[in-house]
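Before any comments, here is the structure.
Readers should treat all values here as calculations from the given coordinates under stated rules, not as data from a laboratory. Because the structure is a prediction, the values reported are computed rather than measured. FYI the Cβ positions are ideal-geometry reconstructions off the backbone, even for glycines, and counts take in every protein chain you see.
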Amino acid sequence: MPAVRTAVMPVAGLGTRFLPVTKAVPKEMLPIGDRPCIEYVVAEAVAAGIERIVFVSSRGKDALVDYFDRSPALEAHLREAGKVDLLAEVLRVAKMAEVVSVRQGEALGLGHAVLTAAPAVGNEPFAVLLGDDVVDAQVPAIGQLIAAGAASGAEAVVALMEVPRADTRRYGVCAGTFEQPGRMRVRAMVEKPEPEVAPSNFAIVGRYVLPARIFEVLRHTPRGRGGEIQLTDAIAVLAAEGAVIGEVFAGQRFDTGDLLGLLRASLHFSAKRPELRAGVDAMVQELLRGDIGR
Ligand code: G1P
């Protein structure tokens, strides 16, 4: 497998679960502490050696591109004020990766979003990272997938997580056989099956490594669940050929597409910061005593 240099990040969603704030703020810009969610996802990709980020975006999402762009007026202001630490922070973000943005004119599903990125990706394997899944891991989750692809020779790799059976309706679900602990040769994939018909309880988390030929498959993928063009359905075509593995990645995953998941991520990443830890612990004690949230 040639090096994976590009990551596609679909960010066109309206973020209705976070209304009203998402009337004016893209959901990917909601903060985990003092950083937007999307920065954690971009940082994961960069830590895995990815150099280019392709945002598949929509109207009202300019804040994302602005965030990763240079900001000459702000930089000049911080420089003149001698605020070197803040200047370094602002520059660090602007230099994380090359950012490209393409527009998904119509919301026709995740598969359609990925297909929209085709001209920006070109003819090489690429990663897909979904912004609602933030993963904290020693080795970046997408890096674990890239390594698994290289080791197994598989054309496509999806991240897997075991979920309670009752939750299968929230995820793409994979079935197959484990070639080794934590590595499934995927034979079938179903988007959001009801628990009674789910082929397993191994769910797809929002991390994928895909070959460029997925674009051709996506062009012929009919609308599936919810009337949308599903990425899961396109990858299932490759899985039927034996070209897909599912990797049960090591790391902690946060569903930041959900209010409590976002709060949990904020607590987790704040508690990891030495300067915030004591404050977070004290706050949790207050909560347990019933002094917060009455
Ligand atoms: C998408 C995919 C689904 C996957 C999930 C992971 O669904 O369609 O297969 O399991 O992301 O977060 P969404 O949550 O965008 O509806």
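Values as computed for the structure displayed
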read-out: Rel. contact order, % - alpha carbon contacts under 8 angstrom, at least six apart, the chain; value: 21 percent
read-out: Angle between the chain longest axis and helix 231-240 axis [Cα atoms, degrees, rounded to 10]; value: 40 degrees
read-out: Inter-label distance for residue 81 and residue 162, nm, one decimal - labels placed 7 Å from Cα along Cα-to-Cβ; value: 5.1 nm
read-out: Low-density loop positions, GluC sites (Glu not before Pro), region 169-269 - DSSP coil, at most 14 other Cβ in 10 Å; value: 196, 241
read-out: Region 1-146: translational diffusion in µm²/s, Stokes-Einstein, Kirkwood Rh over Cα pairs, 10 °C, 1.306 mPa s; value: 99 µm²/s
read-out: Anchor residue 272: lysines whose Cα lies under 26 Å away (excluding residues fewer than 8 positions away in-chain); value: 27, 83, 95
read-out: Integer Hz, Karplus 6.51/-1.76/1.60 couplings in order for region 152-160, x for Gly and Pro; value: 9, x, 5, 7, 10, 10, 10, 7, 10
read-out: Label point distance in nm, residue 25-residue 292, each placed 7 Å from Cα along Cα→Cβ; value: 1.8 nm
read-out: Added length on full extension, which subtracts the Cα-Cα distance from 0.36 nm per residue, residue 213 to residue 255; value: 12.2 nm
read-out: Angle in degrees between helix 259-271 and the longest Cα principal axis of the chain, rounded to the nearest 10; value: 60 degrees
read-out: Prolate/oblate/rounded label for region 190-254 (Cα gyration tensor, a/c 1.5); value: oblate
read-out: Estimated FRET transfer efficiency (residue 273, residue 138; beta-carbon r; R0 25 Å; 0.05); value: 0.90
read-out: Helix-only mean residue ellipticity at 222 nm for the chain, each DSSP H run of n ≥ 4 adding -39500 (n - 2.57), per residue, nearest 500; value: -10500 deg cm²/dmol
